[in-house]
Amino acid sequence: MKALLAAVAIAIAGALALVASIVAANRTTTGSGVTANHSSTSGMTVAAGATAKGISYAGTTVDNAEALAKARTPYPAELPPVPAGDVAKVHMVLKDVTIQIAPGIKYTAWGFQGGAPGPIVHVRQGQKVQMTLTNKGAIPHSIDFHAARIAPNKAFVDVDPGKSFTFTFTANDPGVFMYHCGTKPVLAHIANGMYGAIVVDPKTPLPPAAKSYVLVASEWYLNAPGTGKPAQLDMDKARSVMVDWATFNGYARQYVDHPLTANPGDLVRFYVVDAGPSLTTAFHIVGTLLNKAYPDGDMTPGHELTNIQTFDVPAGGGAVFEVKIDQPGLYPFVSHSFASVDMGQVGLLKVGNVAGTMSH
Ligand SMILES: [Cu+2]
């Protein structure tokens, strides 16, 4: 009995010593982590163990940011008309370009048709899309349409610099879909601006909307602030989803300075694509509910959701939303994942003839 008690006592003492050593080890770890987290370079906090690669450039601003934002022509969000005929011919000439993604923030992008996002493609169900990609960039690129049912190894192929490639598919599925470059590493090609939206109208059209807007959500990962020489992609930050800027149609807060408009009582339809490359867009309009949401752009009658507050559009997905707002005012549309708003993914729907600004 004595021997048993002694053995138990030794075991308990051993266990306590082990716990004590774990606590001590944790203290050491926490202590060094706190020290590292408090180090900074030029006022920017550096994460534990980080090198210059891990620096956040979120919220970088320039002196004349307000004037630059006002002077900019926003990306046209209005849904363009469907081309006539059985075949919609789309030709994009890809270029390496320096774009602005926020006031005074320059970025070296790869742009379908010279910008990010690429042009909005609008067709009707059953129409053929004849897509020609001309590559005037420095490296191979391709184009992948989520609206297509086609062998990707034959259609979404790499196009070498200086070459063109054409393929055709029939847009049999109505909805709003992403298109993007599918050349490896896809993360880099999407993060560098190679994406856009295609809207396929259903055979039986939806009720006519007074306003139809297309929003492509995406995020940016910068290796430099971009205020001097243009920033380029930081692949390490893209892999770890350390976002610097999040945008609708490629430029932070552009529809805050240049709001989208509607009249009270208008049916307004938003076609939202989340290009990612990695974040989800929790689409929400402040001050109203979404009267209708067509999940993932599915326009099969009866499949829509009604009167909801927020709807997730996943990276690589799309959804269609309808609102009718009676009361004049400024209604922010956001990703309600609010880190994205902080990084620029917010715009305004101006209903009626109202003045002023909105804080979101
Ligand atoms: Cu590409």
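Quick one: is residue 187 in contact with a helix residue (DSSP H, G or I) (Cβ under 6 Å, 6 or more places away or on another chain), under 30 Å from residue 73 (Cα atoms) and within 13 Å of the ligand (Cβ to nearest atom)? Don't jump to the end; show me each part of the working.
On the way: in contact with a helix residue (DSSP H, G or I) (Cβ under 6 Å, 6 or more places away or on another chain): yes; under 30 Å from residue 73 (Cα atoms): yes; within 13 Å of the ligand (Cβ to nearest atom): yes.
So residue 187 passes the test.
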Which one of these does residue 111 not meet: (1) small (Gly, Ala, Ser); (2) away from the ligand (no atom under 16 Å from the Cβ); (3) within 26 Å of residue 176 (Cα to Cα)?
-> (2)
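Would you confirm, using the coordinates I've provided, whether residue 89 is in contact (Cβ under 8 Å) with a residue 24 or more places away in the chain, away from the ligand (no atom under 16 Å from the Cβ), farther than 19 Å from residue 201 by Cα and not in a loop (DSSP other than H, G, I, E, B)? First the steps, then the outcome.
Working: in contact (Cβ under 8 Å) with a residue 24 or more places away in the chain: yes; away from the ligand (no atom under 16 Å from the Cβ): yes; farther than 19 Å from residue 201 by Cα: no; not in a loop (DSSP other than H, G, I, E, B): yes.
When the stated conditions are applied, residue 89 does not pass them.
Here is a list: 186, 199. Which entry is surrounded by fewer than 19 Cβ atoms within 10 Å (Cβ to Cβ) and not basic (Lys, Arg)?
From the options 186, 199, the qualifying one is 186.
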Only residues in the stretch 61-84 that are within 15 Å of residue 344 (Cβ to Cβ) count as the first member; pair them with residues that are modelled with pLDDT under 95 and surrounded by 12 or more Cβ atoms within 10 Å (Cβ to Cβ), Cβ under 9 angstrom, at least 6 apart or cross-chain, and list the lot.
-> 75/115
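Here is a list: 247, 204, 227. Which entry is polar (S, T, N, Q) and either under 22 Å from residue 148 (Cα atoms) or modelled with pLDDT under 95 (or both)? So that I can check it myself, show each step before the final result.
Details: 247 fails: either under 22 Å from residue 148 (Cα atoms) or modelled with pLDDT under 95 (or both); 227 fails: either under 22 Å from residue 148 (Cα atoms) or modelled with pLDDT under 95 (or both).
Exactly one of 247, 204, 227 is polar (S, T, N, Q) and either under 22 Å from residue 148 (Cα atoms) or modelled with pLDDT under 95 (or both), namely 204.
I need the strands (runs of 3 or more DSSP E) fully contained in the stretch 268-360, keeping only those with at least 3 residues that are within 26 Å of residue 103 (Cβ to Cβ).
On the way: elements: 281-285, 290-294, 305-308, 310-313, 317-324, 329-335, 346-351.
In the stretch 268-360, 281-285, 329-335, 346-351 are the strands (runs of 3 or more DSSP E) which contain 3 or more residues that are within 26 Å of residue 103 (Cβ to Cβ).
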Residue check, residue 301 against (1) touching a residue at least 60 places away in the same chain (Cβ under 8 Å); (2) closer than 26 Å to residue 178 by Cα; (3) surrounded by 13 or more Cβ atoms within 10 Å (Cβ to Cβ), all met but one. Which one?
-> (3)
For the stretch 116-124, state whether one or more residues are part of a strand (DSSP E or B), surrounded by fewer than 22 Cβ atoms within 10 Å (Cβ to Cβ) and within 16 Å of the ligand (Cβ to nearest atom).
-> no
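Go over the candidates 169, 165, 156, 177 one by one and state the one that is over 27 Å from residue 248 (Cα atoms) and either touching an Asp or Glu at 6+ places or on another chain (Cβ under 6 Å) or more than 16 Å from the ligand (Cβ to nearest atom) (or both).
Numbers: 165 fails: either touching an Asp or Glu at 6+ places or on another chain (Cβ under 6 Å) or more than 16 Å from the ligand (Cβ to nearest atom) (or both); 156 fails: over 27 Å from residue 248 (Cα atoms); 177 fails: over 27 Å from residue 248 (Cα atoms).
Sole residue among the options that is over 27 Å from residue 248 (Cα atoms) and either touching an Asp or Glu at 6+ places or on another chain (Cβ under 6 Å) or more than 16 Å from the ligand (Cβ to nearest atom) (or both): 169.
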Top-ranked residue in the stretch 125-153 [being over 21 Å from residue 173 (Cβ atoms) and part of a strand (DSSP E or B); ranked as nearest to the ligand (Cβ to nearest atom)] = 141
Out of the stretch 325-354, which residues are in contact with a Ser or Thr (Cβ under 8 Å, 6 or more places away or on another chain) and surrounded by fewer than 19 Cβ atoms within 10 Å (Cβ to Cβ)?
-> 336, 337, 341
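The values are calculated or read from the model by the stated rules, or taken from the named source; none is laboratory data. Note that the structure is a prediction, hence the values are computed from the model and not measured. Quick reminder, even Gly has a Cβ in these numbers, built from the backbone with ideal geometry, and neighbours come from all protein chains shown.
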